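I have placed the structure first, in the form of C-alpha cells, so that the comments after it can refer back to it.
The values are calculated or read from the model by the stated rules, or taken from the named source; none is laboratory data. As the structure is a computational prediction, the values presented were derived from the model and not from experiment. Here the Cβ is made from the backbone with ideal geometry for all residues, glycine too, and neighbour counts use every protein chain on show. These area figures cover heavy atoms from the full protein model, side chains too; ligands, DNA and RNA do not enter into them. Shrake-Rupley method; radii C 1.70, N 1.55, O 1.52, S 1.80 Å.
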Amino acid sequence: VLIDFWTYTCINCIRTLPYLTAWDSEYRDDGLTIVGVHAPEFAFEKDAGNVAEAIERHGIHYPVVQDNELGTWSAFANQYWPAKYLIDAEGDVRFVHFGEGQYEETEAAIRSLLAEAGDSRLGREASARTESADPGLRTPETYLGTDRAHGWVEAPRRGSHLYAAPSPASLELNQFALEGRWEVGRESATALGRAGLALAFQARRVFLVLGAEEGPRRIEVLLDGEPISADAAGEDVSDGRVTVGGQRLYRLVDLPKAGRHTLELRFEPGISAYAFTFG
C-alpha cells in the first residue's frame, strides 16, 4: 500500500500526481494499492465537491480519503505535502519520501516489495511525464492571510484596510506589496476597491491560489511593467488576464528560463488570494 498525503492546491503535490497515476495503472493488477489522503491546507479544501473536481481533473482512479481534521496526518506524525509512505504486505512502513523527486527510487521500492510479496513477473517500469521545478534559486512561498504572511513591505492586517504600495521597480528581491483596499483574514485576502499587489521574484514559474465565490472575476497581469506576453504567460492567463472562478491553484507566469522580474496584479473586487508559490 502506498499512502500519499496531498492537497489539491499544492504545486509540489500536483507535479507528483502523474507518477502516482502511472504507478496505479502499471502495478494495480500486481498487488499495489494507492490511497490518497487529502489533507487540506485551507478551509475551502475541505469541501468534497472541490476535492472531487480535482480528482477528476488529474485523472486519479485510486481511492482518496478526506482527512479534514488531520487525524490520519497526525497518526503518521506527518509534516509535509506531499509525503509518501510505502507499506509492505505485513503492514510495516518500509519506505518514506517527502516532497518531489526520487521517483526512480520510489518505483524501485514498489517493485521490490511486490516481488517480496510473491510477484516475480513484474513488467517494465511505468512512464510518467510532468513539469519539474526549476533547480535554480527561487523566491520562497508566502501567504496573504495573517497567519503565515511574510516578505510583505506592509504586513497584511486583519480586517478592511487601505494599502499604499511603493513602485514595483523599487521592490527588493522577494518583496511583496499590497495596494488599494483589501479585507484580510487568517487564511486569505479579498480584493475590495482598486486592489492590486506587486512582487519582485526570482523563478521561472509563478503560481497563486485564488477563488471568487460570487462568480467569475478577472485579474490583469503585468510582467516588468508591461501586459504579460503570450510566451511568458501561464496556462491560466489569456490576453493578459486571468479569469478566476473556482478555488484552486492558478498558473500566472511560465517563462522560458528562470530570472528576476517584477509582477503586478490588478484585481476586480471579490477575488480572494491565498498563497504564492514559485518554481
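If you check Gly211, Gly193, Gly151 for being open to solvent by less than 30 Å² (accessible area, probe 1.4 Å) and among the small types (Gly, Ala, Ser), only one passes: Gly211. Contact map, segment 97-111: first residue on the phi > 0 side of the Ramachandran plot, second residue in a helix (DSSP H, G or I) and surrounded by 18 or more Cβ atoms within 10 Å (Cβ to Cβ), Cβ cut-off under 7 Å, separation 6 or more or different chains; pairs are Gly99/Asn12. What single numbered condition from (1) open to solvent by 30 Å² or more (accessible area, probe 1.4 Å); (2) closer than 25 Å to Glu187 by Cα fails to hold for Ser238? That leaves (2) as the condition not met.
I'd like to check which helices (runs of 4 or more DSSP H) are fully inside segment 1-82 and have at least 1 residues that are out of contact with any Asp or Glu (no Cβ under 7 Å at 6 or more places or on another chain) and basic (Lys, Arg). Spell out the reasoning first.
On the way: elements: 11-27, 48-57, 71-75.
Of the helices (runs of 4 or more DSSP H) lying wholly inside segment 1-82, those with at least 1 residues that are out of contact with any Asp or Glu (no Cβ under 7 Å at 6 or more places or on another chain) and basic (Lys, Arg) span 48-57.
If I ask for residues that are buried (at least 20 other Cβ atoms within 10 Å of the Cβ) and either under 18 Å from Ile87 (Cβ atoms) or acidic (Asp, Glu) (or both), which ones from segment 20-53 would you list? Scanning segment 20-53 gives Leu20, Trp23, Glu26, Tyr27, Leu32, Ile34, Gly36, Val37, Ala39, Glu45. Scanning segment 234-256 for residues that are over 17 Å from Tyr274 (Cβ atoms), touching a strand residue (DSSP E or B) at 6+ places or on another chain (Cβ under 7 Å) and not β-branched (Val, Ile, Thr) returns Glu235, Gly240, Arg241, Asp254, Leu255. Pairs meeting the criteria (first residue in segment 54-70 and over 17 Å from Leu32 (Cα atoms), second residue assigned to a loop (DSSP other than H, G, I, E, B) and open to solvent by 70 Å² or more (accessible area, probe 1.4 Å), beta carbons under 9 Å, at least 6 apart or on different chains) are Ile55/His61. The sole residue among Arg157, Arg204 that is in contact (Cβ under 8 Å) with a residue 60 or more places away in the chain and either under 13 Å from Leu144 (Cβ atoms) or part of a strand (DSSP E or B) (or both) is Arg204.
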